[in-house]
Amino acid sequence: MDAFFASIEQRDHPEYRNRPLVVGGSKERGVIAAASYEARKFGIHSAMPSVTAKRKCPHLIFAKSRFEVYKSVSAQIMEIFRSYTDLVEPLSLDEAFLDVTSNKKGLPSATLIAQAIKKEILETTGLTASAGISVNKFLAKVASDQRKPDGIFLIKPDDVEAFIQALKIEKFFGVGEKTAEKMHRLNIHTGKDLLKYSLPSFTQYFGKAGLYFYNIARGIDDRPVNPNRIRKSIGVEHTFSRDIETLEQLATELEAVTKELKRRMDKQNQKGKTLTLKLKFNDFEQITRSKSYTSPILSFDKIADTAFALLSEAPIEKPIRLMGLSVSNFPSDEGIDAIQLTFDFD
């Protein structure tokens, strides 16, 4: 979907249309959850601090998040996807992989399917979507970002090699900001540069992800579209209205965050073995502290005791602006060998 949260706000509020708008945050605190295309012209993007966005665009509109609305619209879109194929792998509320090797509508090409889906989404929700089409997940994802908004981009099998070699490394699916910086230090700037490195070299520099980068540089991605994609973690984050400097205040806030995390775990009937505390300082530096157990953490008291222990061990030398708590390492993850990648969603 194109600027999904922001586009819904512009759809539902005519006064926001064709104006720079962001969802989430505020003029003083927090971070941006989504930015309209009008806001992006000012260099504003998701995960940007609100104060930075406001400085870039003084007349920026801040819209409060309405996640229940976004989830409802997402359900409509996913229903459309599944009317074409059962092989739908959601990545987020607004994005999914579809395997249309065979499809329920009997359409003869992926391009025709993409056109039909885009048309149906527009008629049903009033929103635009962009589609990427190719022979595997990596290429389809990269293609989906080529002609936003409201576009379709096809990478044919015969064009794969040339396309990848010319692609800037920042555009590679799975390459986040830190990985891109590391690759630049290795003089890797395009897909062509990736081909200079052997598999042992990639493994040395990037660990488990090395095999992934080695393969995608050659257009190889055999991951199937998995309609039963496993969620890796459940978490809660809270940005404070004012920076917090004392351990006592942090402990009070942590109790509220812990209660919300337990509520979400119960709602999703998930229990993990690893608890992670995240703290972001007022200069946006962040640290994490984790503790793992041999069996799932079941009770609120166990979660709370572990969270407070992690907090007491953390080096708090600067005011805190954000606190997060997450649980991961679910029992259902055992035996799964996965690469955790950094994904950017529009």
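The values are calculated or read from the model by the stated rules, or taken from the named source; none is laboratory data. Since the model is a prediction, treat every value here as computed from it, not as a measurement. Here the Cβ is made from the backbone with ideal geometry for all residues, glycine too, and neighbour counts use every protein chain on show.
If you go through the stretch 139-183 and keep only what is in contact (Cβ under 8 Å) with a residue 24 or more places away in the chain, under 13 Å from Gly219 (Cα atoms) and of a type outside the set (D, E, K, R), you end up with Leu139, Ala140, Val142, Val160, Phe163, Ile164, Gln165, Ala166, Leu167, Phe172, Phe173. How many residues are assigned to a loop (DSSP other than H, G, I, E, B), over 27 Å from the mean Cα position of the chain (by Cα) and either without any contact (Cβ under 8 Å) to a residue 60 or more places away in the chain or on the phi > 0 side of the Ramachandran plot (or both) if we restrict to the stretch 294-318? Number of matching residues: 7. Condition check: under 30 Å from Thr85 (Cα atoms), of a type in the set (A, V, I, L, M, F, W, C), touching a strand residue (DSSP E or B) at 6+ places or on another chain (Cβ under 9 Å) and surrounded by 12 or more Cβ atoms within 10 Å (Cβ to Cβ). Does Ile155 satisfy that? So Ile155 passes the test.
Considering only the stretch 51-99, state which residues are acidic (Asp, Glu) and in contact with a helix residue (DSSP H, G or I) (Cβ under 6 Å, 6 or more places away or on another chain). The answer is Asp94, and nothing else. Just one of the listed residues (Thr288, Thr190) is under 19 Å from Phe330 (Cβ atoms) and at pLDDT 90 or above, namely Thr288. The single condition from (1) buried (at least 19 other Cβ atoms within 10 Å of the Cβ); (2) within 22 Å of Asn136 (Cα to Cα); (3) free of Cβ contacts under 8 Å to residues at least 40 places away in the same chain that Leu199 fails is (1). Counting only residues that are in contact with a helix residue (DSSP H, G or I) (Cβ under 8 Å, 6 or more places away or on another chain) and surrounded by fewer than 20 Cβ atoms within 10 Å (Cβ to Cβ), how many does the stretch 111-120 have? Number satisfying all stated conditions: 1. I'm checking my understanding of the structure. Among residues of the stretch 92-110 that are under 14 Å from Val225 (Cα atoms) and of a type in the set (A, V, I, L, M, F, W, C), which one is surrounded by the fewest Cβ atoms within 10 Å (Cβ to Cβ)? Selected residue: Ala96.
Can you spot a residue in the stretch 269-282 that is surrounded by fewer than 13 Cβ atoms within 10 Å (Cβ to Cβ), under 27 Å from the mean Cα position of the chain (by Cα), within 18 Å of Val327 (Cβ to Cβ) and assigned by TED's automatic domain parsing to the domain that holds Asn329? Yes, some residue in the stretch 269-282 is surrounded by fewer than 13 Cβ atoms within 10 Å (Cβ to Cβ), under 27 Å from the mean Cα position of the chain (by Cα), within 18 Å of Val327 (Cβ to Cβ) and assigned by TED's automatic domain parsing to the domain that holds Asn329. The helices (runs of 4 or more DSSP H) located wholly in the stretch 163-278 that include 3 or more residues which are closer than 26 Å to Glu317 by Cβ and out of contact with any Cys (no Cβ under 9 Å at 6 or more places or on another chain) occupy 177-185, 247-268.
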